[in-house]
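Beneath this line is the structure, given in structure tokens, with notes to follow.
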Amino acid sequence: MTATSQTVEAFDLVIFGGTGDLALRKLLPAMFHRFVDGQLPATSRIIGIAREALDDDGYRSQLRTSLADAGDAAKLDTFLQQVFYRSLDARKDEGWSDFATLIGEYADHVRVFYLSTSPELFVDICGRLGNYKLNEGKSRVVLEKPIGRDLDSANQINDAVGKVFDESQTFRIDHYLGKETVQNLLALRFGNALFEPLWNNAHIDHVQITVAETLGTGNRSAYYDRSGALRDMVQNHILQLLCMVAMEPPSSLAPDAVRDEKLKVLHSLKPIDDSNAAQLSVRGQYRAGVAEGAKVPGYLDELGNQKSGTETFVALKAEIANWRWAGVPFYLRTGKRLPDRVSEIVVAFKPVPHSIFDASAGTLAQNRLVLRLQPDEGVKLWLTIKHPGPGGLRLRHVPLDMSFAEAFGVSQPDAYERLLLDVVRGNPTLFMRRDEVEAAWHWAGPILAAWSASGEAPRPYSAGSWGPSAAVALIERDGRTWNEDSE
Ligand code: NAP
């Protein structure tokens, strides 16, 4: 029987931004689940930090509400005994000395400083952690996205953090990499002899990566307006997924072996710039429409009727210039207010070279490997078979389905559960190295510059649709279609 969870060293997890949305919705539930599974050593502490004037009990009662539906309610109070709070302003010295004393109580603990705040505070927080020598020993820092809004600002953040924490202590999180399906992509590709011989331009026709959201930007519109879909989703999550599909087999799962291969993919991406952005990219902005059965406002309405050229949708045709992938398009798309909440990777294989079947047997469809990241993580391999029973040889296209939850009878841990414990273990395999972030900005920057130079506004699309019609044309003019199977 395979163990489901391994114990970790005792640790202190300090969450800067401990009262924020990410902390309450993801990080604390992740820790609670690990506690319920018996994976949190008894002396480990979770320390929330924010400016709000709260004490330990005040914070715990906030969490009692936010974690009410997060799992085994009977264990919540015991879990909360391991949770503490300090009111600190990242920009002021007051209170930091007491905080350092609190951390010093367990000098042997692994210390994880999770920066779940706006990136403008990263420099202040790291500077003060350095001043109080909290960066020494088994200390690690976790940086949430976005790391900058372009190459220069990313470098500024990385330089400032790098003065206090060295690269081996710095964990740049991309929670997509912690998803079960992404791990399974590694298992499928490198744990089976079946796929790797076909994993190239001789057998793969194209790859699609879609990250679609049904929600609009709502009350985060002002924040979102400074970023847009390319910065928010493509530069990080989608490029990381692309790397996992396209990288060469690493020699092992050692952190740098994997990250070296991902970096080579990023370096091999063909540039999209002024010369070709009009053919290879489409950006859109949602207007009012009907989403999930209800009328919803457009992006500009949510923003307060201001003018904005920020894209809420992007579709790209990317190409990787190397021997394995030359000529295989990677179609990437992401957007807000789309009809389904779905994140998936579709690997479409080339059609059979010659059909031996009569037209009456039906049409032959391409084999597709569909890796679904959300809402239900799983993998389907679409195959052609004979329709069972009498009635002649009729062809059917059916999925070989591997729904993880059903197959293994386990609920899937949230990506943050795995990633947080990887930080405690000091394993950065599933985190982005600085050079990856830089390479990703190096590719994304010219796309943003080309859009800005064109002076064209994003194309409008109705909320509840699959983006501007030009995004459909982007793939259809190559004789292909976006994957529409929602099974
Ligand atoms: P949020 O809800 O706005 O929370 C921000 C947190 O930072 C609050 O706890 C706030 O509390 C604290 N804070 C603000 N100024 C501070 C200061 N000067 N000193 C100390 N604490 C301060 O933001 P969020 O949605 O949780 O996002 C946090 C970060 O994660 C952002 O970089 C975001 O881009 C990233 N992220 C978020 C999500 C998500 O799902 N929410 C997903 C991916 C990445 P006080 O105001 O009381 O200080």
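The values are calculated or read from the model by the stated rules, or taken from the named source; none is laboratory data. Only a predicted model underlies this, so the values are computations on that prediction, with no experimental measurement involved. A quick note on method: Cβ atoms are made from the backbone with ideal geometry, for glycine too, and the neighbour counts reach across all protein chains shown.
Laid out as a table, the results:
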item: Answer residue from region 110-124, given it is among the hydrophobic types (A, V, I, L, M, F, W, C) and within 8 Å of the ligand (Cβ to nearest atom) and is nearest to the chain's Cα centre (by Cα) among those; result: L115
item: Residue ranges of strands (runs of 3 or more DSSP E) in region 260-339 with at least 2 members among the basic types (K, R) and touching a helix residue (DSSP H, G or I) at 6+ places or on another chain (Cβ under 8 Å); result: 281-287
item: Which numbered condition A107 fails, given (1) out of contact with any Leu (no Cβ under 8 Å at 6 or more places or on another chain); (2) in a helix (DSSP H, G or I); (3) among the aliphatic types (A, V, I, L, M); result: (2)
item: Evaluation of V296 against (1) under 23 Å from the mean Cα position of the chain (by Cα); (2) over 22 Å from S452 (Cα atoms) (one fails), failing number; result: (1)
item: Meets criteria (more than 30 Å from I15 (Cα to Cα), at pLDDT below 95, part of a helix (DSSP H, G or I) and in the same structural domain as D274 (by TED's automatic domain parsing)) for A453; result: no
item: Enumeration of residues in region 18-51 that are in a loop (DSSP other than H, G, I, E, B) and loosely packed, with under 13 Cβ neighbours inside 10 Å; result: G38, A42
item: One residue from L430, L420, L474 being in contact (Cβ under 8 Å) with a residue 12 or more places away in the chain, within 30 Å of S308 (Cβ to Cβ) and buried (at least 17 other Cβ atoms within 10 Å of the Cβ); result: L474
item: Of all residues in region 52-68 being assigned to a loop (DSSP other than H, G, I, E, B) and in contact with a helix residue (DSSP H, G or I) (Cβ under 9 Å, 6 or more places away or on another chain), the one that is farthest from the ligand (Cβ to nearest atom); result: A68
item: Tabulated pairs, region 12-27, first of a type in the set (D, E, K, R), second more than 8 Å from the ligand (Cβ to nearest atom), C-beta under 6 angstrom, 6+ apart or interchain; result: D12/R45; D12/H109; D12/R111; K26/Y416
item: Matching residues, region 32-51, being aliphatic (A, V, I, L, M) and more than 16 Å from the ligand (Cβ to nearest atom); result: V36, L40, A42
item: Single condition D21 does not satisfy, out of (1) at pLDDT 95 or above; (2) of a type in the set (D, E); (3) within 20 Å of I125 (Cβ to Cβ); result: (1)
item: Selected residue (only one of G228, G218 is surrounded by fewer than 17 Cβ atoms within 10 Å (Cβ to Cβ) and in the same structural domain as L303 (by TED's automatic domain parsing)); result: G218
item: Condition check for Y85: without any contact (Cβ under 8 Å) to a residue 60 or more places away in the chain and in contact with a strand residue (DSSP E or B) (Cβ under 9 Å, 6 or more places away or on another chain); result: no
